[in-house]
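The values are calculated or read from the model by the stated rules, or taken from the named source; none is laboratory data. Keep in mind it's a predicted model, so treat the numbers as computed, not measured. Here Cβ is always computed from backbone atoms with ideal geometry, including for glycine, and neighbour counts include all displayed protein chains. Side chains are part of the model used for accessible areas, which takes the heavy atoms of the whole protein and leaves out ligands, DNA and RNA. Shrake-Rupley method; radii C 1.70, N 1.55, O 1.52, S 1.80 Å.
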Amino acid sequence: MSTTTTMTAATATPTSTVITNIAGLVTNDPSLGDGTPIGLIQDAAVVIDGDRIAWVGESSKAPATDNAVDADGRAAVPGFVDSHSHLVFAGDRTEEFNARMSGRAYAAGGIRTTVAATRAATDAELAANVARYLAEALRQGTTTLETKSGYGLTVEHEARAVRIACDHTDEVTYLGAHIVPPEYADDPAAYVALVTGEMLDACAPYARWIDVFCEQGAFDGDQARAILTAGLARGLQPRVHANQLSYGPGVLLAVELDAASADHCTHLTDADVDALAHSDTVATLLPGAEFSTRAVWPDARRLLDAGATVALSTDCNPGSSFTSSVPFCIALAVRDMGMTPDEAIWSATAGGAAALRRQDIGRVTPGARADLVLLDAPSHVHLAYRPGVPLVSSVWRGGLRMF
């Protein structure tokens, strides 16, 4: 996230700080720790200098610094990297969720309900909502968060969505191709033309990424290719909502266009899995959506065993995954998606960084941005072992202690 007032609860100039007596430090660098992918160091210390990690190692060998913090036997992990969220919205869909969980039919408009509420909201109301959910995520250890437009679906409302998002995070995604809005129901080709033309022109200056919901009832493979290709021509890098509700072309299209990530990946063929395993496209899994809709779980084990890179993110949105908690998603991934605790913590940190094509976050190694989370637990395994418990004790972001 960018260094705006949304995230910088601390204001002091960063200085050098050593954090000692860390029971177990996840570095995500095998060369620094126990040789596993998470690079675990026991009885560890970390030195933060300015906004960067300057040193990691055994606590007994830590160098002197300006300040010292005693972790008192807590575990430490990299700040969580949430690479998929939808925070620019107004209203909620409580009635829809209640009906779904109660087994009752519900005829409200889903995404279209949120679109109506978002269009009716003021800029200040939308910005306050974004700030609220970013602060909520920070309290749960998230130090980098991507968020999307997609609840405006007009040139004016999509442009203000990415503009508002840009005030709060560097990882902004233009998702004009979320659904076809009601006013274009009879002419979806005209809406694709708008998304790839005037709307793209208005949104591109504020975004890094372009996304499309490639799914039955949203955009087919040809439409998705046209949208993503237009974004590439404007300098936006692709990501794809792929294969969430059914088998389809989304994953293969993501790999074809070298998208940073294919997100959801619930319904996969062997060809989809193989393509992901032999590409740089990250399979971003979003267990909050399956939890909130009682849908089939993605098979993380199948992807990992094939050699695909997997990320875990929240998909925070008002309809299908209204959670900002990466720890909750870690617990779901371990319990219901076949991941080990080590794989889940890696995917929620280094995996998310890979899904954003970032080398400076998601790890605790010299030169990385100083994003660090202390847990009120002796091991990162407690994130899955003690689900629902607020284990985040302290967070550093860019070298600043946020709390």
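Annotations
- In the set 36, 27, only one residue is open to solvent by 10 Å² or more (accessible area, probe 1.4 Å) and among the polar types (S, T, N, Q); that residue is 36.
- Just one of (1) at positive phi; (2) touching a strand residue (DSSP E or B) at 6+ places or on another chain (Cβ under 8 Å) fails for residue 165. It is (1).
- Hits in the range 165-217 (condition: out of contact with any Cys (no Cβ under 6 Å at 6 or more places or on another chain) and either among the basic types (Lys, Arg) or part of a strand (DSSP E or B) (or both)): 173, 175, 176, 177, 208, 209, 210, 211, 212, 213, 214
- Of the residues making up the range 230-249, one or more are closer than 24 Å to residue 113 by Cβ and open to solvent by 30 Å² or more (accessible area, probe 1.4 Å).
- Among the residues of the range 162-179, the one identified as open to solvent by 20 Å² or more (accessible area, probe 1.4 Å) and either modelled with pLDDT under 95 or over 18 Å from the mean Cα position of the chain (by Cα) (or both) is 163.
- Residue check, residue 151 in a loop (DSSP other than H, G, I, E, B) and within 30 Å of residue 222 (Cα to Cα): yes
- Against the test of being of a type in the set (Asp, Glu) and open to solvent by 10 Å² or more (accessible area, probe 1.4 Å), the options 211, 220 yield a single qualifying residue, 220.
- Restricting attention to the range 86-105, the residues that are of a type in the set (Lys, Arg) and either more than 26 Å from the chain's Cα centre (by Cα) or in a loop (DSSP other than H, G, I, E, B) (or both) add up to 2.
- The requirement of being open to solvent by less than 50 Å² (accessible area, probe 1.4 Å), in contact (Cβ under 8 Å) with a residue 12 or more places away in the chain and either aromatic (Phe, Trp, Tyr) or part of a helix (DSSP H, G or I) (or both) is fulfilled nowhere in the range 356-376; no residue meets it.
- Residue in the range 88-103 that is within 21 Å of residue 373 (Cα to Cα), in contact (Cβ under 8 Å) with a residue 24 or more places away in the chain, open to solvent by 20 Å² or more (accessible area, probe 1.4 Å) and out of contact with any Asp or Glu (no Cβ under 7 Å at 6 or more places or on another chain) present: no
- Within the range 383-401, the set of residues being on the phi < 0 side of the Ramachandran plot, surrounded by fewer than 19 Cβ atoms within 10 Å (Cβ to Cβ) and not in a strand (DSSP E or B) comprises 385, 386, 387, 389, 390.
- Within the option set 76, 71, being touching a residue at least 12 places away in the same chain (Cβ under 8 Å), open to solvent by less than 10 Å² (accessible area, probe 1.4 Å), closer than 30 Å to residue 341 by Cα and more than 21 Å from the chain's Cα centre (by Cα) holds for one residue only, 71.
- The range 111-150, residues that are farther than 18 Å from residue 319 by Cα, of a type in the set (S, T, N, Q) and surrounded by fewer than 20 Cβ atoms within 10 Å (Cβ to Cβ): 122
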